[in-house]
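Values in this text are rule-based calculations from the coordinates and carry no lab data. Everything quoted here is computed from the prediction, not taken from an experiment. So basically every Cβ, Gly included, is an ideal-geometry build from the backbone, and we count neighbours across all protein chains shown.
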């Protein structure tokens, strides 16, 4: 069976890049630059530095791992990613960049599997748990919060870029039924889409404090939607290598995000929190 999360996004990137997030488009005019900008924002929001030991939940094809290692110069790295093809690609990317030990510390598997966290960390206590544009895809984001809190070092930091329902969105509306259909098609559990107040409560109930939520929707959702519309025009006017099936997937995702943004259904935020002492 084909993987939902595969290597199709390689065709969206500049040469040598393999990003797979929605991007931060305020000062970016191409997909790879926007994706890198979002990763940098997350790293800065979480306070990465030379002493940080990072656990990356959902590292994709590995570009963000190199940002943690080469831009922030972190001290240690661990990670879990669901996709077999992406994990294999990320391991090769790290090895080719000279990070052999780090390549062996990232593994394929289910982020909600507590045994996998234990074996991957092998006794290490990360100072930071990061989830760049992926937590909404987890089987249970709440279970992820609890596992992160359990394994983080004292006063460790959780940081993620994530979706939540807009405060004015009515869960009893026809728009919410449409949202539910799109979430199912996108392999996203509907329980992961909650309003800001519930999101905050779930973090606090999981043992986090000093929660900070910054809405960056204006520089994420419209930019990605525009890039996917542009991608369609470029694909039609050239012999692009992106298969039609993948093009349709990205065009539909772009249309959906533009719709959800215009109708104030979803918001996209940077979230950070500290493990309660």
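Structure values in brief
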| quantity | calculated |
| --- | --- |
| Matching entry among 185, 212, 125, 177 (being under 18 Å from residue 53 (Cα atoms) and surrounded by fewer than 16 Cβ atoms within 10 Å (Cβ to Cβ)) | 125 |
| All positions within region 1-25 that are touching a residue at least 60 places away in the same chain (Cβ under 8 Å), assigned to a loop (DSSP other than H, G, I, E, B) and more than 14 Å from residue 223 (Cα to Cα) | 3, 4, 5, 6, 7, 18, 20 |
| Among the candidates 169, 219, 151, 187, residue that is on the phi > 0 side of the Ramachandran plot and touching a residue at least 60 places away in the same chain (Cβ under 8 Å) | 187 |
| Filter pass, residue 28 being surrounded by fewer than 22 Cβ atoms within 10 Å (Cβ to Cβ), in contact (Cβ under 8 Å) with a residue 40 or more places away in the chain, out of contact with any strand residue (DSSP E or B) (no Cβ under 9 Å at 6 or more places or on another chain) and in a loop (DSSP other than H, G, I, E, B) | yes |
| Criterion (under 23 Å from residue 227 (Cβ atoms) and crowded, with 16+ Cβ neighbours inside 10 Å) met by exactly one of 102, 9 | 9 |
| Criterion violated by residue 40 - all others in (1) over 14 Å from residue 130 (Cα atoms); (2) assigned to a helix (DSSP H, G or I) satisfied | (1) |
| Enumerated helices (runs of 4 or more DSSP H) restricted to region 158-270, each holding at least 2 residues that are over 27 Å from residue 8 (Cβ atoms) | 174-185, 196-205 |
| Which numbered condition residue 206 misses (of (1) touching a strand residue (DSSP E or B) at 6+ places or on another chain (Cβ under 6 Å); (2) buried (at least 16 other Cβ atoms within 10 Å of the Cβ)) | (1) |
| Some residue of region 94-114 being under 25 Å from residue 203 (Cα atoms) and out of contact with any helix residue (DSSP H, G or I) (no Cβ under 7 Å at 6 or more places or on another chain) | yes |
| Subset of region 75-93 [over 19 Å from the mean Cα position of the chain (by Cα) and surrounded by 15 or more Cβ atoms within 10 Å (Cβ to Cβ)] | 76 |
| Given (1) farther than 16 Å from residue 254 by Cα; (2) in contact (Cβ under 8 Å) with a residue 60 or more places away in the chain; (3) touching a helix residue (DSSP H, G or I) at 6+ places or on another chain (Cβ under 6 Å), index of the condition residue 192 fails | (2) |
